[in-house]
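Every number in this text was worked out from the coordinates using simple rules, so none of it is lab data. A quick note: this is a predicted structure, and the numbers were derived from the prediction, not measured. Every residue, glycine among them, receives a Cβ derived from its backbone with ideal geometry; neighbour counts consider all protein chains shown.
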Ligand code: ATP
Ligand code: MG
Ligand code: MG
Ligand code: MG
């Protein structure tokens with residue numbers, strides 16, 4: 001093995017901290033800052049210091065190797081993107097407040113890519129002309145930008161974060177299914193190699209048919225997703241996906257689909273401003289009262305509504321905003337009419353009990369419930385009544401009937417059979433075998449690379465600090481010089497020997513730092529093996545400690561080197 005440089009802590013551009021950062025709420029945030037892996041640059045924007053960068057690079061390497069193994073080709077597309085393609089797919093508007101939009105000196109509109117379906121579709125449109133050029137899987141490991149509403153979980157939810165995103169292009173549905181299956185397998189390998197405990201969860205209402213999407217969720221307290229897990233069989237689903245149970249109900253007072261207003265454009269701010277109320281996070285899922293009666297114009301998540309159409313629809317009534325609290329006070333609003341827009345866009349759900357035929361509520365119509373990832377027409381018939389049912393702990397598993405358990409988890413990966421949504425919008429065809437153009441079908445697949453670092457920290461840390469699995473650790477061995485010149489000399493000597501054999505060494509050679517502080521720091525930093533040159537250094541005896549189990553063993557220098565190489 002090749003000689004690798006020894007990282008000396010006396011020269012390391014990172015300081016360990018005794019105290020948790022004041023704004024840290026989750027364990028990974030506290031530990032990664034305290035151990036000197038990352039520094040906060042601005043809200044949701046992070047700098048990676050040498051140790052952190054090594055861990056990040058290790059995660060990247062594993063992801064890269066497994067993507068290459070399924071024949072995916074790595075590219076690097078820009079993060080600064082023109083508006084037009086996102087305009088063409090509707091996402092320039094639909095993405096809402098999460099999208100970082102900016103202008104150049106000439107007033108041209110740009111965005112910072114939150115995800116790259118459009119740009120990859122255009123790349124393939126530019127490069128591929130025949131079915132012979134497909135299938136193809138392309139990927140990049142690159143920064144993504146999302147103006148997250150609450151970037152409070154440290155590296156877990158950045159506004160700038162590192163993602164591996166890949167995109168598959170096939171001419172046939174079976175091809176897409178194959179590309180999807182390849183990704184699923186690659187992700188299983190990636191997360192196993194990373195040492196993450198994870199579940200594969202249905203992410204859309206797959207049971208109701210339609211295209212397929214699964215999330216890789218890493219169980220952890222700090223997670224912001226809730227998933228339903230069956231203790232008896234392999235069923236696991238994000239509660240976002242099992243929130244909907246669709247029942248046909250008689251539809252006597254259902255308005256006709258064409259009577260439902262089609263909203264698009266203004267933002268939550270413009271809506272709020274025009275109604276003279278502050279636009280705040282609590283205005284999510286806002287409703288509108290008309291003459292004191294809730295008739296509701298909702299904004300599911302950060303979506304947008306067309307206020308002109310809303311006002312035109314309700315004129316001449318007085319329109320006034322009510323908040324989610326009003327919503328929560330109306331637990332009866334659970335049955336609705338699903339409009340043609342699809343629940344993942346702006347959707348109107350009318351509750352005939354409010355004012356038959358003309359009253360609308362939209363989005364989450366039960367407190368804490370969000371109609372994400374459900375698409376009208378795909379997951380249920382447009383125009384059907386649906387009952388929204390929230391999964392509770394103990395509800396029967398849809399597969400085997402056993403009581404479900406609800407757990408918190410971190411979404412570390414997401415795979416999606418997109419179909420032709422983007423290729424339709426951007427008109428991506430290739431010439432088929434019969435000489436006629438074929439519309440390409442597409443999948444998109446993400447791994448949260450920076451988030452995986454934090455998820456690993458969450459899952460593996462103990463009360464002493466970080467505790468990295470071998471493949472991602474910033475070093476293989478942390479050598480501690482616990483004493484004076486003699487110990488330092490021995491520590492550096494062993495470090496050199498280990499490095500010569502290809503072992504990655506971090507050596508604590510800081511002068512004037514007590515052995516106690518060095519031991520505490522070695523536990524905080526979390527390298528899997530700790531080798532101490534201490535009391536018996538003069539005899540050429542060192543102590544090898546396993547960071548996870550705490551087991552220690554005295555060895556001669558030769559034994560230690562032999563053991564670690
Ligand atoms: P979340 O539900 O946590 O907001 P998402 O569903 O919006 O994530 P995707 O669009 O599916 O995210 O992106 C693919 C992957 O990128 C996610 O599975 C996650 O691992 C990672 N990711 C998404 N948002 C962030 C973020 N703000 N910071 C770090 N990683 C993120
Ligand atoms: Mg998100
Ligand atoms: Mg998600
Ligand atoms: Mg996702």
Please report, in whole Å, how far the alpha carbons of region 501-565 spread along each principal axis, starting with the longest.
-> 27, 26, 23
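Classify region 1-104: rounded, prolate or oblate, from the alpha-carbon gyration tensor (a ≥ b ≥ c, eigenvalue square roots; a/c under 1.5 rounded; otherwise prolate if a/b is larger than b/c)? Display every interim value, and only then the final one.
On the way: a/c = 2.68, a/b = 1.39, b/c = 1.93.
Oblate shape, in that a/c is at least 1.5 and b/c is the bigger or equal ratio.
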Segments 425-434, 496-505, 404-413, 550-559 sorted - mean Cβ within 10 Å per residue, highest first | 404-413, 496-505, 425-434, 550-559
Per 5 angstrom bin, beginning at 0 and ending with the bin that holds the maximum distance, the Cα pairs of region 404-463 fall in percents of 4, 14, 13, 13, 12, 10, 9, 8, 7, 5, 2, 1, 0
Once Rh for region 143-228 is found with the Kirkwood sum over Cα pairs, what is the Stokes-Einstein diffusion coefficient at 20 °C and 1.002 mPa s, in µm²/s?
-> 141
Take 436, 189 and order them by how many other Cβ atoms sit within 10 Å, fewest up front.
-> 436, 189
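Starting from the Cα coordinates of region 433-502, work out the convex hull volume and express it per residue in Å³. Write out the running numbers ahead of the final one.
Details: hull volume 12.0 nm³, N = 70.
It comes to 172 Å³ per residue, whole-number rounded.
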Mind checking the log10 I(q)/I(0) for region 120-181 at q = 0.14, 0.26, 0.27 Å⁻¹? Debye, one equal scatterer per Cα, no solvent, two decimals.
-> -0.57, -1.04, -1.09
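Mean 1/r over all different Cα pairs, inverted: what Kirkwood radius does region 85-192 give, in Å? Spell out each step's value before the answer.
On the way: mean 1/r = 0.0621 Å⁻¹.
By the Kirkwood definition, the hydrodynamic radius is 16.1 Å.
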Please grab the % of Cα pairs in region 462-534 that end up more than 15 Å from each other.
-> 50
Counting all Cα-Cα pairs in region 416-565, those more than 27 Å apart amount in percent to 42
Which percent, to the nearest 5, of DSSP beta bridges fully inside region 418-565 are antiparallel?
-> 60
Computed P(r) (all Cα pairs; region 148-189; 10 Å bins; percent) | 24, 30, 26, 19, 1
